[in-house]
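Let me begin by presenting the structure, written as structure tokens, before commenting on it.
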There are 2 protein chains.
Amino acid sequence: MKLLEERIRRDGKVLPGDVLKVDSFVNHQIDVDLMDAAGAEFFRLFGNEGITKILTIEASGIGIACLVARHFHVPVVFAKKLRSSNLAADVYAAEVRSYTHGGTVYQVVVAKDYLRPEDRVLLIDDFLATGEALRGLRELVRQAGATAVGAGIIVEKAYQSGGNDLRSSGLRVESLARVAAMDPESGITFCD
Amino acid sequence: MKLLEERIRRDGKVLPGDVLKVDSFVNHQIDVDLMDAAGAEFFRLFGNEGITKILTIEASGIGIACLVARHFHVPVVFAKKLRSSNLAADVYAAEVRSYTHGGTVYQVVVAKDYLRPEDRVLLIDDFLATGEALRGLRELVRQAGATAVGAGIIVEKAYQSGGNDLRSSGLRVESLARVAAMDPESGITFCD
């Protein structure tokens, strides 16, 4: 999505340690009109897939997922992150390792009531790098016996293996901006 | 908002310990069309107030705030919750006590870049009971030298003092459903 790439180039900040900071428009302050346009684009890509539910992960996925869901007129479910392994019986749970938080392992959980075998689920998240969060969400869908139709991502670090690993495993992954390379000095290059 | 009251009556669950569970349509699974209608209602109420920004608090406020903000075409900023008191220099911070989490005290923080003195801010949250979260958000706005124009709330427990305390202190608070009383046996009564 050209509009998004231009915005990342203008307002994104590449910091040492492989950090792309987009918190002025994606994940602390949210440019709602831009994310709504992203929602329209995901609807163009997945609108004929019979999506019944959008699944994301707290916290920064929630706003984007809601703006996407508005185009599909389906509910959003957001998985909660828990540090404890002391889980209730009425949830699906998967383990996720966070590389942005120093390798911390946490559980993502969803109440069983909100994912059903008949659901056709679109996964939405702001970032895709190692693919850990998406793998966790996909696992929740699998436990529910539902179908993961695909994933919609705002920014993919395409030089990391997560996206292509997930594609190779059969998941349709659509990323609106794919970063081929980035560097604090030379800035950002997008794929294609 | 009649539509919302009907939905709470139908799908809300009153549990022992003063709990109103609305997580099938507000804060775990989100009925996006209903929250979009709530956004239209807040725009009717605050649309001529020159709002420049919507401020909410993670996690369950974010989706609602984004669906509200779409009607105003302004950015959403969400305050993050931190357990540590080890704060960066570039944030505004306020202390909030969570009664739903056993009296835990946490910090809510916002990067200084995203609240400016010229901002006219609408506060959005899913629940209002003791008013602790709203007071925290209002304090962040005060620290920024910005203006808190008012607060838009989905469900207010009007039998608790938070809402009226905030109104007495001069904040305009608009709640779309105001619960006058509730009980696991007899159900929910709304104000008016």
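The values are calculated or read from the model by the stated rules, or taken from the named source; none is laboratory data. Worth saying up front: this structure is predicted, and the values here are computed from it rather than measured. Cβ coordinates were reconstructed from backbone atoms using ideal geometry, including for glycine residues, and neighbour counts include every protein chain displayed. Heavy atoms of the whole protein, side chains included, go into the accessibility calculation; ligands, DNA and RNA do not. Shrake-Rupley method; radii C 1.70, N 1.55, O 1.52, S 1.80 Å.
Couple of notes before you dig in:
- Filter result (over 13 Å from the mean Cα position of the chain (by Cα) and under 25 Å from A:ILE188 (Cβ atoms)) within region A:102-158: A:GLY102, A:ALA158
- When B:GLY61, B:GLY39 are checked against the criterion of being over 20 Å from B:ARG138 (Cβ atoms), open to solvent by less than 30 Å² (accessible area, probe 1.4 Å), within 12 Å of another protein chain (Cβ to nearest Cβ) and touching a helix residue (DSSP H, G or I) at 6+ places or on another chain (Cβ under 9 Å), a single residue qualifies: B:GLY39.
- Condition met for A:GLY50 (without any contact (Cβ under 8 Å) to a residue 12 or more places away in the chain and open to solvent by 10 Å² or more (accessible area, probe 1.4 Å)): no
- Condition broken by B:TYR106, with the remaining ones in (1) at pLDDT below 95; (2) out of contact with any Lys or Arg (no Cβ under 6 Å at 6 or more places or on another chain) satisfied: (2)
- Scanning region A:69-80 for residues being in a helix (DSSP H, G or I) and at the interface with chain B (Cβ under 9 Å from one of its Cβ atoms) gives a total of 3.
- Pair list, Cβ under 7 Å, 6 or more apart: region B:16-44 residue among the aromatic types (Phe, Trp, Tyr), other residue assigned to a loop (DSSP other than H, G, I, E, B) and surrounded by fewer than 22 Cβ atoms within 10 Å (Cβ to Cβ): B:PHE25/B:ASP31
- Hey, B:PHE72 among the aromatic types (Phe, Trp, Tyr) and touching a His at 6+ places or on another chain (Cβ under 6 Å) or not: no
- Some residue of region A:14-34 being within 14 Å of chain B (Cβ to nearest Cβ), over 19 Å from B:ILE57 (Cα atoms) and among the aromatic types (Phe, Trp, Tyr): no
- Qualifying residue in region B:74-87 (condition: over 14 Å from B:GLY61 (Cβ atoms) and at pLDDT 95 or above): yes
- Residue, farthest from B:GLN143 (Cα to Cα), within region B:81-108, restricted to residues that are within 12 Å of chain A (Cβ to nearest Cβ) and touching a helix residue (DSSP H, G or I) at 6+ places or on another chain (Cβ under 8 Å): B:ASP90
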